[in-house]
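The structure under discussion appears below in the form of structure tokens.
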Amino acid sequence: MENINSYLKRYKNSGDKVWFEKIYHHYMPKIYRFYYFKLMDKQTAEDLTSELFIRVYKGLRKTNLNSKTFNIWTYRIANNLLIDHFRKMGKVDEYNAASEKFDDLTKGSFSTNSSFIRGELGFENHKLVTAIDRLSKLQRDVILLKFVEEMDYDTIARVLKKRKATVRGIVFRAITKLKTEIKEEHE
Amino acid sequence: MSKKLEKIFNKCISLIDKGYSIKYCLEKYSDCRKELEEYFAAVKELGKLKEVKPDSKYITNSLNKIYSSTETKEIKVPKTDRIRVGAAILKPALIFLAVFVFVGFSFAGTAYASQDSVPGEILYPVKRSTEDVRLLLYPESMKGSLHYKFLNNRVLEAGILLEIGESLDIEIIEKLLEEADSEFRKCKRYGYFNSSSEEDAVKMMEKVRQKYQNRYREKHKEKDGVEEGETKNDSECFREENTGQNNEQGSMEENEESSPGKQSNTEGKHKQQKGKESRN
């Protein structure tokens, strides 16, 4: 994280692309995964990731961010781009800013792309993905941000605009559910 | 138990965030070791999803795409072009503004200059149009004063024509006086007058009518060279008619309560007819 702070500072001061590329290589796989698990569509995930980094590249030097605030800023842009994507897809009528509706749009995308997942992730991970698919949208987001993207509770709370205690509770409940699902799958 | 486990699990997660290992946590909370092991197994499973990574080819291409997208936009609108684009918009806008200001000022100037014009002059129609426009724009409450102003204008115009006009144009003056009558009625309708101002207006109108009659008489004399006796008869006739008219006036007053000069106006008309007859 110390490194990221220094890259951000150096890029802001010099505008040298070298520092931007360091930041890009660190965050790009994370953002890609964020889209990938939301959409289960490799091509769209790639397009949206590129679009996000174009925005980041244009705006980064105007901001004054550290690694933590950069994380929050980037994931907020990522979320907005995802909403725009659903609107363009013609799901604008279905879409509602309320998370429940958003949940409806994203839920089921894991299982409906099961063959794709098997090919991409392997059979073992497919089981895991099926288990994740049974979680609610919020639970899924929280555990992916926590255990895949390795964010701390505070950052997750700020990205999702929730209280820290709420996030902790969601993590525990999601892991309990996931543990049971995985156990059942194995049996 | 569940609450306690949740608390311990969250403590473990916080420790792991700080850099402690899972093993350390399991040893620290050995009471719940079995349950915690199950939880961390699930967490470990989730860690496998980190294997999902974009292609290295895509990573490079995407980076090029980012740079090219910003560069192409810079090329599209270079600084020099921006100025030209600005000028291209500004230039016609400025020309339009200049024309608009010029036309606006010239119209305002013309309207202002027309205020002193009298019938027969080029600017007189402009004056009348301005009056119509003002009548349209003014609120109902101010229309009375506006009609009073127009009444003054008509009387003034008739007065000027009578003073200056070399050849007396009867039709124009008659029309002006009729219009003055109509303005007077409108003033009354809008309740503009009080007793003194109504009297002033009546006097003013009477005065100009008198002037018109005198002028008409002079003109008549000059043109036809009519003898004095005839003129006398004429004036007697006029007087007779005038008295006759007075008899009828009672019934007429009901219809035209607001036109005080109407009587002398009709007198003028009668005189006019007489003059014509004598000419024949």
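Since every read-out is calculated from the coordinates, none of them should be taken as a lab result. If you're wondering where the values come from, they're calculated on a predicted model, not measured in any experiment. Glycine also receives a Cβ, built like all others from the backbone with ideal geometry; neighbour counts cover every protein chain displayed.
Structure notes:
- Spin-label model, B:T110 to A:T180: label points 7 Å out along the Cα-to-beta-carbon direction sit 8.9 nm apart.
- Here the gap between B:R215 and B:A41, fully extended at 0.36 nm per residue and compared with their Cα-Cα distance, gives a gain of 50.4 nm.
- Among B:L5, B:L94, the order by Cβ neighbours within 10 angstrom, fewest to most, reads B:L94, B:L5.
- Using a cut-off of 28 Å between Cα atoms, the listed pairs A:K164/B:K65; B:K11/B:K48; B:K7/B:K48; A:K161/B:K65; A:K183/B:K28; B:K149/B:K221 include A:K164/B:K65; A:K161/B:K65; B:K149/B:K221 as exceeding that distance.
- 3J(HN,Hα) along region A:152-160, derived from phi through the Karplus expression 6.51 cos²θ - 1.76 cosθ + 1.60 where θ = phi - 60°, amounts to 7, 4, 4, 5, 4, 4, 6, 5, 8 Hz, with x in place of Gly and Pro.
- Each label was represented as a point 7 Å from its Cα along the Cα-to-Cβ direction; for A:R76 and A:S6 these points are 2.8 nm apart.
- Local charge for B:A111 was computed over the other residues whose Cβ lies under 13 Å away, with Lys and Arg +1 and Asp and Glu -1, and equals 0.
- Table column - 3J(HN,Hα) (Hz), region B:190-196, Karplus curve with 6.51, -1.76, 1.60, x for Gly and Pro: 7, x, 6, 7, 10, 4, 6
- Order of A:T74, B:T60, A:T176 - criterion: other Cβ atoms within 10 Å of each residue's Cβ, fewest first: B:T60, A:T176, A:T74
- Where a label projected 7 Å from the Cα of B:Y138 along Cα→Cβ would reach, residues of region B:105-123 with amide N under 17 Å: B:112, B:115-116
- Centre-to-centre separation between the Cα atoms of region B:9-30 and those of region B:128-146: 89 Å.
- Label zone at B:Y124 (point 7 Å along Cα-to-Cβ), backbone N below 19 Å, region B:169-203: B:169-183
- Surrounding net charge for B:L26, when Lys and Arg each add one and Asp and Glu each subtract one, Cβ distance under 10 Å: +2
- For A:R55 and B:L97, a Förster radius of 45 Å and the Cβ-Cβ distance give a FRET efficiency of 0.70, rounded to the nearest 0.05.
- Averaged over the residues of B:196-209, the number of partner chain Cβ atoms lying within 10 Å of the residue Cβ comes to 0.
- Counting other Cβ atoms within 10 Å as a rough exposure proxy, the listed residues B:E171, B:E37, A:E149, B:E6 run B:E171, B:E37, B:E6, A:E149 from fewest neighbours to most.
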